[in-house]
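See structure below.
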């Protein structure tokens, strides 16, 4: 019996490439073609890459002793940069493998950059702090440059402003076993010197896991024991200081959401909100009612984090990353390797993740961005 190589040697390159091109929409067949012989690999691999909505592209490798826990990208003076936090400090990384420790602090769990305000925000060992971004990047940041704003903090989120002239805001969560305290700060200053000004403080008599700005005056709070409360999310109105359930308890279409599901996060998508749990995701309107013209998305594995790159949603689990089209409510790709989300990107920002096998920080690059 003739071997596969002998058979394919009798077929011209033009013919077998035409055959493979005919299968461009059949991913399983392309994977089979990729294994037939060496000469079939280039064309089948090229079409496989074209069919991918998203793929992880390595950016930097830490190579140090501390474990990477978070990261944030920035663009300054036409140059892209990356700062990441580890168990032993804050580092600036580069593609050539060079790294510089910018701060020697422990347990860096979350980072954010406010480029227009020249501010770098950091949560480390329960202390929320800020410092000038330019001195940090230059490697000349000293203890006197750091403003320690809040102790016993567990989480913070940033509102960057969606309209011209709208101020940026920061919320900081201090939680206990039975309640949560939310501190709101306004960003005051300019590109040279900025500070966080304490605006208000609110108390929630429920244990809160995380917060997310829906607008400059509204927050969504994910509750730890979400299934015990209507829908697991509280809507916090910063204008009236009142709280209410995010989901309308009177909407019978949302009865499934009041069962044992873990609330994770909420995204604002146009005039709707995409609510994400560990079992499913769905849309609600401004009144908290189920969006009737949108389908339910049920994940194959329980995600621990989500990132939105409209029209795609990345669902990160301990097993793999699922890529969902939020317009069609269909899973369009599976990345069968676990990656851990390192940042909380806004629309258009880079989605950064950690490869647990290589310890590389990777960018989740989408097809419309040059794949």
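The numbers here are math on the coordinates, done by the rules we state, and not lab data. Source: prediction; values computed, not measured. Note: ideal-geometry Cβ built from the backbone for every residue, glycine included; neighbour counts use all protein chains shown.
What spacing in nm lies between the two simple spin-label points modelled at residue 291 and residue 256, each 7 Å away from Cα in the Cβ direction? Taking the two extended label points, one gets 1.6 nm.
The eigenvalues of the Cα gyration tensor, multiplied by 5 and square-rooted, give region 192-238 an equivalent ellipsoid with semi-axes of 26, 11, 10 Å from largest to smallest.
Peptides 145-151, 300-306 ordered by packing proxy, namely the average of other Cβ atoms within 10 Å per residue, highest first: 300-306, 145-151. The label point for residue 237 and the one for residue 319, both projected 7 Å from the Cα toward the Cβ, are 4.2 nm apart. Enumerate the residues in region 309-326 having an amide nitrogen under 13 Å from the point lying 7 Å beyond the Cα of residue 357 toward its Cβ. Answer for this model: 319-321. Measuring nothing but alpha carbons in region 270-371 and taking Rh as the Kirkwood radius, the Rg to Rh ratio lands at 0.97.
For the modelled label position 7 Å from the Cα of residue 300 along Cα-to-Cβ, which residues of region 262-279 have backbone nitrogen atoms closer than 19 Å? 277-279, by backbone N distance to the label point.
With a ≥ b ≥ c taken as the square roots of the eigenvalues of the C-alpha gyration tensor of region 151-234, please select rounded if a/c is under 1.5 and otherwise prolate if a/b is larger than b/c or oblate if it is not? The partial results should precede the final answer.
On the way: a/c = 3.12, a/b = 1.82, b/c = 1.71.
Prolate, because a/c is 1.5 or more and a/b exceeds b/c.
The ranking of 122, 37 from fewest to most other beta carbons within 10 Å of each one's beta carbon is 37, 122. Here the label points at residue 176 and residue 225, each 7 Å from Cα along the C-beta direction, are separated by 1.6 nm in the simple model. Each peptide in 167-176, 334-343 was scored by the mean count of other Cβ atoms within 10 Å over its residues; highest first, the order is 167-176, 334-343.
Taking other C-beta atoms within 10 angstrom as a stand-in for reagent exposure, 323, 90 fall in the order 323, 90, fewest first.
Between residue 195 and residue 271, what length in nm is gained on full extension when 0.36 nm per residue of separation is reduced by their alpha carbon distance?
Values: separation 76, 0.36 × 76 = 27.36 nm, distance 3.18 nm.
Taking residue 195 through residue 271 to full extension adds about 24.2 nm, to one decimal.
Apply 1/(1 + (r/R0)^6) to the Cβ-Cβ distance of residue 135 and residue 37, taking R0 = 45 Å, and write down the FRET efficiency to the nearest 0.05. Walk me through the numbers on the way to the answer.
Working: r = 57 Å, r/R0 = 1.27.
Once the sixth-power term is evaluated, E becomes 0.20.
Enter the per residue convex hull volume of region 269-323, computed from alpha-carbon coordinates, in Å³ rounded to the nearest integer.
77 Å³
By other beta-carbon atoms within 10 Å, ranking 62, 152 with the fewest at the front produces 152, 62.
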